[in-house]
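A short worksheet on the structure shown next.
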């Protein structure tokens, strides 16, 4: 198991949080994702044999937000 924090720009509401969490949870290997709207971050626990932090950031970007591995 591995954990990472993503920095996310562009979230403005609870709907955004739900969209980002959904995008992260759909990545194969993700066990949990917790998004902090005010902090602009997402903490993700995942299986590093199936996913990489960069893939998580790409999933968030595909959902319409800017994401970088923090």
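Descriptive notes on the structure:
- In the calculated pair-distance distribution of the stretch 1-65, the portion above 16 angstrom amounts to 33 percent of the Cα-Cα pairs.
- Computed extension length for residue 1-residue 38: 10.7 nm, one decimal, from 0.36 nm per residue of separation with the Cα-Cα distance subtracted.
- Contact order relative to length of the chain, as percent, for alpha carbon pairs under 8 angstrom and 6 or more apart: 44 percent
- Take the Cβ atoms of residue 22 and residue 50, set R0 to 22 Å, and the FRET efficiency comes out at 0.75.
- Counting only DSSP H runs of at least 4 residues, each contributing -39500 (n - 2.57), and dividing by the residue count of the chain, the helix-based mean residue ellipticity at 222 nm comes to -9500 deg cm²/dmol.
Read the figures in this text as sums done on the coordinates, not as results from a lab. Small disclaimer: the values here were computed from a predicted structure and weren't measured. For neighbour counting, all protein chains shown are included, and Cβ atoms are generated from backbone atoms with ideal geometry for every residue, glycine included.
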